[in-house]
1. Applying 1/(1 + (r/R0)^6) with R0 = 22 Å to the Cβ-Cβ distance of Met66 and Arg4, what FRET efficiency is obtained, to the nearest 0.05?
2. Output the relative contact order of the chain, whole-number percent, from Cα pairs under 8 angstrom with separation of 6+ residues.
3. If the only charges are +1 at each Lys and Arg Cβ and -1 at each Asp and Glu Cβ, what is the size of the charge dipole of the chain around the Cα centre, to the nearest 20 debye?
4. Find out how many positive minus negative residues lie around Ile11, taking Lys and Arg as positive, Asp and Glu as negative, among other residues whose Cβ is under 13 Å from that of Ile11.
5. Using Stokes-Einstein with the Kirkwood hydrodynamic radius over Cα pairs, what translational diffusion coefficient do you get for the chain at 4 °C and a viscosity of 1.567 mPa s, in µm²/s rounded to a whole number?
6. On the accessible surface of the chain, probed at 1.4 Å, how many percent belong to carbon and sulfur atoms?
Amino acid sequence: MEFRRQPIIEIRDANDNLVTTDNSTQVTLDIFNNPGAGELRGTTTLTASGGKVEFTGLSVTTAGEMY
């Protein structure tokens, strides 16, 4: 089941400004609370570009609530 909205992570400084020069931070997604024993599928580790990490094509194998 692919996510309707894919996660977008923004890297911000202490003043809440987007750090547009960050092209090296790696972000990894995982399931923290997993009541349905689902598996996160897709590319779960990406590197920032212009201070953003935009995930695409992520899905979870088992439908459930409270993931």
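The values are calculated or read from the model by the stated rules, or taken from the named source; none is laboratory data. Values in this document were obtained by computation on a predicted structure and should not be read as measured data. When we count neighbours, we look across all protein chains shown, and the Cβ atoms used for this are built from the backbone with ideal geometry, even at glycine. Side chains are part of the model used for accessible areas, which takes the heavy atoms of the whole protein and leaves out ligands, DNA and RNA. Shrake-Rupley method; radii C 1.70, N 1.55, O 1.52, S 1.80 Å.
1. After rounding to 0.05, the efficiency reads 0.85.
2. After rounding, I find 43 percent.
3. Computed charge dipole of the chain: roughly 140 debye.
4. Cβ neighbours under 13 Å give a net charge of -3.
5. Estimated diffusion coefficient is 99 µm²/s.
6. On the way: 2310 of 4970 Å².
Within the chain, the accessible surface is 46 percent carbon and sulfur.
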